[in-house]
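Written below as structure tokens is the structure these notes are about.
Any read-out appearing in this document is the output of simple, stated calculations on the displayed coordinates, not a laboratory observation. The structure presented is a predicted model; accordingly, all values stated were derived computationally and were not measured. Note that we place each Cβ from the backbone using ideal geometry, even for glycine, and neighbour counts take in every protein chain shown.
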Amino acid sequence: MRSIRLSEEMEKDLEAIAAQKKTSRSNIVKEALVEYMAKEKKYNQPFEIGKRYFGKYGSGETDRSKTYKSSIKSKIRDKHAH
């Protein structure tokens, strides 16, 4: 069991919501914590942290992975042609 301190206003709001939903204050707090923790887990994943940067500075070449070998060969040929 854990205790939390709430402002009087939050306590009143919690009490009103519990009465409206016909559930306990504990259940409301548990539901809120479950949602909060799920959100935090999602946003603390490495992909989620860097997602806004992935592809941001792309070359614009959509076939780069398909033409990689031929591009390298061409560059080597050009280098040795001089």
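Structure notes:
- Cβ-Cβ distances below 7 Å connect no pair with a first residue in segment 36-64 that is of a type in the set (A, V, I, L, M, F, W, C), a second residue that is part of a helix (DSSP H, G or I), and a separation of six or more residues or different chains.
A quick yes/no check of all residues on (1) closer than 26 Å to S3 by Cα; (2) not acidic (D, E):
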| site | (1), (2) |
| --- | --- |
| D13 | yes, no |
| A16 | yes, yes |
| T23 | yes, yes |
| S26 | yes, yes |
| V29 | yes, yes |
| Y36 | yes, yes |
| K51 | no, yes |
| G55 | no, yes |
| G58 | no, yes |
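- Any hit, segment 27-43, residues being not hydrophobic (A, V, I, L, M, F, W, C) and not in a helix (DSSP H, G or I): no
- You will find that of R77, R64, the residue that is assigned to a loop (DSSP other than H, G, I, E, B) and either charged (D, E, K, R) or over 29 Å from the mean Cα position of the chain (by Cα) (or both) is R64 and no other.
- The set of residues from segment 48-61 being among the polar types (S, T, N, Q) and part of a helix (DSSP H, G or I) is empty.
- Checked across segment 6-17, the condition of being among the polar types (S, T, N, Q), surrounded by 10 or more Cβ atoms within 10 Å (Cβ to Cβ) and either in contact with a Cys (Cβ under 7 Å, 6 or more places away or on another chain) or without any contact (Cβ under 8 Å) to a residue 40 or more places away in the chain (or both) holds for no residue.
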